Structures are given as structure tokens and as C-alpha cells.
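Asks: One structure is given below, represented as C-alpha cells, and several questions about it will come after.
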């Protein structure tokens with residue numbers, strides 16, 4: 001990737017606190033336009049917190065988060081109005097309560113609110129946008145079903161469809177593959193990547209991260225911090241950022257995730273896989 005790129009999102013010197021605990025410190029991150037960025041790290045390290053700061057849902061305790069407008073000019077995310085922010089960026093959190101009283105199409109249509117006036121909602125064009133979003137996640141035939149009839153995985157896909165219906169150039173997804181079977185994990189990530197100009201997602205499956213994104217950022221404790229892989233022992237930062245095959249090298253995976261690993265080529269596809277195994281006992 002060229003050193004000269006247009007950032008869609010930018011973090012500089014970002015820190016975050018949850019109660020008395022400092023979760024993040026000194027986070028610098030650029031997300032170029034057109035990037036598919038995966039954020040990885042052990043549970044509790046602050047991935048969701050970082051995504052909420054990128055989305056403007058959470059103000060950092062220090063530092064600044066920026067979002068680019070249509071011209072590419074960066075603006076402090078916290079100072080952008082919620083409606084305008086929702087036109088530029090769709091954020092789908094990890095867990096979201098879906099009203100059982102709504103029909104699936106009505107729930108997905110909520111994603112259109114930032115782009116429509118009250119008297120223009122519900123027209124044929126809007127319904128087609130909603131149907132297309134549901135079709136992208138394999139639920140077009142459920143558009144008139146109550147949300148309460150959806151399974152956990154279907155509900156997750158419907159919430160993703162609502163994010164797609166916003167038609168934003170930037171999509172932020174928190175653990176989008178949770179509750180999904182393996183086929184839909186692959187299909188959903190590809191479907192979203194095909195429709196969003198810039199995609200940022202937190203993900204816990206390292207092999208899926210290696211294969212599904214063009215860049216990865218690892219959240220962890222800085223090199224030299226001990227014990228490795230303990231998210232509660234201090235604030236995290238971005239310890240690596242770059243092409244997935246470089247970021248998930250065996251030494252970094254062992255240090256930040258506490259497991260051994262090896263990258264192997266797929267026998268039929270032009271992509272590597274990450275094989276995970278227990279790390280060797282160095283005291284033996």
C-alpha cells in the first residue's frame with residue numbers, strides 16, 4: 001500500500017477508561033479509504049471499546065478520533081452531529097436487543113432514518129433498499145415476519161442488514177460472526193465487504209481474520225510487558241498494524257494470544273490458513 005493514502009478514520013493518542021480501569025492508551029491508527037481492517041486481540045483487551053471510539057459512541061479520555069467527510073477532510077468524530085455521522089458511518093454493536101414487536105423489514109428500515117424525511121419513509125424505493133439489504137444476508141423472504149421468529153443467528157444477520165440499509169461508505173462491525181454458522185461467517189463478511197467502501201470489524205477467529213481482511217491491527221500490551229496475553233494487567237495499544245500474514249507471525253501470536261501457530265497455504269486457493277496449537281512448554 002502506498003504511503004500516500006486518504007484516511008477514512010484516524011485515531012491519535014487515544015486513551016479510554018471504563019470506570020477506574022484504563023483500557024486503552026496511546027492508540028494511533030489510520031484506516032485508509034477502501035480498506036478492510038480487522039481488529040484482533042484477546043478477550044477483554046479493549047477491541048469493542050476501540051470500535052466504539054471510532055464510531056463516536058464513546059469519547060476517548062485522551063486523544064482524538066476523526067472521521068472523513070465526502071471531500072476527504074477529517075473532522076473530530078465527537079463534534080459531528082449524530083444524523084450526519086450516521087450518513088457517513090454505520091456501526092453494528094456486538095449485542096443488540098431487537099424489538100420482538102417489529103417486523104423484520106421494519107427493523108431493517110430503521111437504518112434508513114438518517115437518510116430520509118419522515119414523510120418519505122415506507123415508499124417503494126425505500127422498501128427495495130430494505131429488501132436488497134436483507135437479500136445480502138439471506139433473509140429477503142423474512143421481510144414480513146416478526147423479529148421474534150428469528151433465531152439468534154438470523155437476528156444477527158438482520159441487524160447487519162439494517163447497517164447495510166444505511167448505505168454508508170464506512171461500516172464498523174463488532175464481532176460480526178458471533179452466533180453464525182461457518183458458511184454464514186464467510187458469506188456475511190464477503191457480502192459486507194462488497195457493499196461498504198471501508199470496513200472495520202473486531203474478530204476473535206484469527207484464521208478467519210487472516211483470510212478475510214487486507215489489514216489487521218493487533219490490540220495488546222506493548223512489547224516487554226508481562227504477563228503476555230493478560231488484558232487485565234494494564235492498558236492496551238495497537239502493537240502491530242499491517243498485512244495479515246505479517247501481523248500474525250508466530251512470535252506475535254504466541255506473545256499476545258498465548259498459543260503456537262503456523263501459516264500454511266491452502267492446497268486449492270491462493271490464501272494462507274493459520275493453524276493453532278498449544279505452545280510448547282519452554283521449561284521442559
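Asks: Scan the stretch 42-55 for residues that are in contact with a helix residue (DSSP H, G or I) (Cβ under 6 Å, 6 or more places away or on another chain) and surrounded by fewer than 23 Cβ atoms within 10 Å (Cβ to Cβ) and report the count.
Replies: The first filter runs over the stretch 42-55 and keeps only residues in contact with a helix residue (DSSP H, G or I) (Cβ under 6 Å, 6 or more places away or on another chain), leaving 42, 44-45.
Imposing the further condition that a residue be surrounded by fewer than 23 Cβ atoms within 10 Å (Cβ to Cβ) reduces the set to 42, 44.
The total comes to 2.
Asks: Suppose we filter 13, 63 for residues that are on the phi > 0 side of the Ramachandran plot, touching a residue at least 12 places away in the same chain (Cβ under 8 Å), out of contact with any helix residue (DSSP H, G or I) (no Cβ under 6 Å at 6 or more places or on another chain) and surrounded by fewer than 15 Cβ atoms within 10 Å (Cβ to Cβ); which single one remains? Break it down into steps so the answer makes sense when it comes.
Replies: Working: 63 fails: surrounded by fewer than 15 Cβ atoms within 10 Å (Cβ to Cβ).
After applying the criteria, what remains is 13.
Asks: Return yes or no: is residue 176 more than 16 Å from the chain's Cα centre (by Cα) and either at pLDDT 90 or above or not in a strand (DSSP E or B) (or both)?
Replies: Working: more than 16 Å from the chain's Cα centre (by Cα): no; either at pLDDT 90 or above or not in a strand (DSSP E or B) (or both): yes.
For residue 176, the condition - more than 16 Å from the chain's Cα centre (by Cα) and either at pLDDT 90 or above or not in a strand (DSSP E or B) (or both) - is not met.
Asks: Give just the number: which of (1) over 19 Å from the mean Cα position of the chain (by Cα); (2) without any contact (Cβ under 8 Å) to a residue 40 or more places away in the chain; (3) not in a helix (DSSP H, G or I) does residue 101 not satisfy?
Replies: So residue 101 meets the others, but not (2).
Asks: For the stretch 65-98, what are the residues that are assigned to a loop (DSSP other than H, G, I, E, B) and modelled with pLDDT of 90 or more?
Replies: Of all residues in the stretch 65-98, those assigned to a loop (DSSP other than H, G, I, E, B) come to 69-73, 80-81, 93-98.
Passing the criteria: 69, 70, 71, 72, 73, 80, 81, 93.
Asks: Just wondering, is there one or more residues in the stretch 118-125 that are assigned to a helix (DSSP H, G or I) and either within 22 Å of residue 158 (Cα to Cα) or modelled with pLDDT of 95 or more (or both)?
Replies: Yes - at least one qualifying residue is present in the stretch 118-125.
The values are calculated or read from the model by the stated rules, or taken from the named source; none is laboratory data. Not measured: the values here are computed from a predicted model. In this analysis, Cβ positions are derived from the backbone assuming ideal geometry, glycine residues included, and neighbour counts consider all displayed protein chains.
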